[in-house]
Structures are given as C-alpha cells and as structure tokens.
C-alpha cells in the first residue's frame, strides 16, 4: 500500500522533515479534513480544505500530480458521478435544455463541483495516511483507545483505495485490448465506457475482500481477547505543534463557517 501512495512513483517515498511524524498526528489531521469536507457545503470552504490537503501531501513527501495521474481512471468515474448528480439534482439557472427538461443547471453544476472537491479531499487524506505503513496506522488507532478490530478494518479500507484504482486500470486496459480507442470516442461514448467499468471494478474488489477475509480467519484472527504489541508510538515536539495548529485552524474555520459566514 505504501508504494502505491507515497510519492506516487516507483520505489520509496520522498523523505521530508515531516515524514517521520507519529501516525496519530496524521490521523488527527485526516479526521479534521474529512470532517470538514462532510460538514461544510460551500465550494469556497471546500476549496480551502483541498488546498490544505495538497499542502499536507507536499509536506509528507507525496507528489499530488503523480497521485492524480495514477488514479485518473478513478477520477474520471468521480467526474461521471458528479455530472449525473448535476443532471438529476437541478437548481438555479438552466444552461442546457432539451424540450421542457433542464439537463444542466448552475445549481446542479455547483453541487457536482462540491462533490468533486469532497472526493478529492478524501483521496488526499488517504494519501496522507499512506505515508505510514498499515502496522503504524493500526498501532496509532489502538493507542488512541480504539478497539483493535475497528483499527484493522479502517486500515483495510485504506488499502482498498489503490485496489479500486488498480481494478479500474485493468478494466480500462481490457477495453483498449478489444480495439477501443478511447481518444477517438465522443464524450457520450466515453461516458458509456466509464459507466460500464463500475461492475467489473466492484466485482474484483469484492473478490479480493473475500480472499482477505478467508486469509485472516485461517491465521486465527481474534483468537485472544487482547493483543500484545512490540511497537509503541511516542509523540514528539513536531507532533504536538502540528496537532495544536491543526485543531486551532479547524476550530477557527468551523466558527467562521457557522457563526460569521
């Protein structure tokens, strides 16, 4: 998982001054970003959260441009869903009308833009967490007093984001091997091809999830009520500074959003 996100390049991630931060600091930052993306519903605030997410990616040594290129198929699906949302949730001034039906409206496009911003923030949050390996993430959650089972499920959920991206790339490659030149297709045909990718991508992810479930059961997962751990995490000065700054900025942003905006 780490090689799939960190630096988004072959080999190890780019080491920075913040690469060795405690996973609990990253978990708190991700919690602030994702919570803000869910709570706020204005494009300006979501754009600010996305800018903060990109800044954190750079601080942790992740190249956002490489990240976007690696997940371009998944990002195309997000855009397709956003366009469908803009069609079926009309509002505002009509931009494209067929007969008496408004296909595109300013309100629908605004909701689509907010959806894309939210998904981008979530993807950036996954990239931040992926700068630590899954064992460190699990240990950080356990030391935050979360049950080990929940921590393990969260880490598996993070792991499935690159799985979805890989399944989407494989499905797109299969379509191209059948003689379909995506660059020569019209926008309507591209949307139809993107929609046809959902079933194989979801089916492949479910098959992998079943295999992982069988694997951990065969290794006696939850054989004992408690687990011992050799790895013990400790917070440093940079962790406390980043945690304090993140909480303060998030509190000020939410206060401005609810009481002053």
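The values are calculated or read from the model by the stated rules, or taken from the named source; none is laboratory data. What you see is a predicted model; the values in this text were computed from it and never measured. Glycine gets a Cβ as well: all are built from the backbone with ideal geometry, and neighbour counts include every protein chain shown.
The residue that is farthest from residue 127 (Cα to Cα), among those in region 1-39 that are at pLDDT 85 or above and out of contact with any helix residue (DSSP H, G or I) (no Cβ under 6 Å at 6 or more places or on another chain), is 39.
Would you mind listing the helices (runs of 4 or more DSSP H) fully within region 176-261 where at least 3 residues are over 24 Å from the mean Cα position of the chain (by Cα), within 21 Å of residue 138 (Cα to Cα) and without any contact (Cβ under 8 Å) to a residue 60 or more places away in the chain?
Numbers: elements: 187-196, 198-218, 237-255.
Because the criterion is at least 3 residues that are over 24 Å from the mean Cα position of the chain (by Cα), within 21 Å of residue 138 (Cα to Cα) and without any contact (Cβ under 8 Å) to a residue 60 or more places away in the chain, the helices (runs of 4 or more DSSP H) in region 176-261 that meet it are 198-218.
Quick check, is residue 243 under 29 Å from residue 39 (Cα atoms) and touching a helix residue (DSSP H, G or I) at 6+ places or on another chain (Cβ under 9 Å)? Spelling it out, residue 243 is indeed under 29 Å from residue 39 (Cα atoms) and touching a helix residue (DSSP H, G or I) at 6+ places or on another chain (Cβ under 9 Å). Kindly evaluate residue 124 against the criterion of being crowded, with 20+ Cβ neighbours inside 10 Å and closer than 30 Å to residue 19 by Cβ. Against the criterion (crowded, with 20+ Cβ neighbours inside 10 Å and closer than 30 Å to residue 19 by Cβ), residue 124 qualifies.
Screening residue 108 with (1) more than 16 Å from residue 31 (Cα to Cα); (2) under 22 Å from the mean Cα position of the chain (by Cα); (3) crowded, with 17+ Cβ neighbours inside 10 Å gives one miss only, at (2). Considering only region 28-75, how many residues are within 30 Å of residue 175 (Cβ to Cβ) and not in a helix (DSSP H, G or I)? Final tally of qualifying residues: 3. Filtered by the rule that a residue be under 17 Å from residue 182 (Cβ atoms) and either crowded, with 19+ Cβ neighbours inside 10 Å or at pLDDT 80 or above (or both), region 55-76 gives 71, 73, 74, 75.
Flag: residue 166 matches the condition of being in contact with a helix residue (DSSP H, G or I) (Cβ under 9 Å, 6 or more places away or on another chain) and within 27 Å of residue 75 (Cα to Cα).
Screening residue 183 on (1) under 19 Å from residue 69 (Cα atoms); (2) surrounded by 12 or more Cβ atoms within 10 Å (Cβ to Cβ) shows it passes everything except condition (2).
Of all residues in region 140-175, those satisfying the criterion of being surrounded by 12 or more Cβ atoms within 10 Å (Cβ to Cβ), over 21 Å from the mean Cα position of the chain (by Cα) and part of a helix (DSSP H, G or I) are 142, 143, 148, 174, 175.
Residue 259 fulfils the conditions (1) surrounded by 11 or more Cβ atoms within 10 Å (Cβ to Cβ); (2) closer than 30 Å to residue 42 by Cα; (3) modelled with pLDDT under 85 except for a single criterion, (1). Only residues that are modelled with pLDDT of 80 or more and assigned to a helix (DSSP H, G or I): list them for region 125-139, please. Once the filter is applied, which keeps residues that are modelled with pLDDT of 80 or more and assigned to a helix (DSSP H, G or I), region 125-139 yields 125, 126, 127, 128, 129, 135, 136, 137, 138, 139. Based on what the data block shows, is residue 51 within 20 Å of residue 110 (Cβ to Cβ), crowded, with 18+ Cβ neighbours inside 10 Å and free of Cβ contacts under 8 Å to residues at least 40 places away in the same chain? Here the answer is no, as residue 51 does not meet what is asked.
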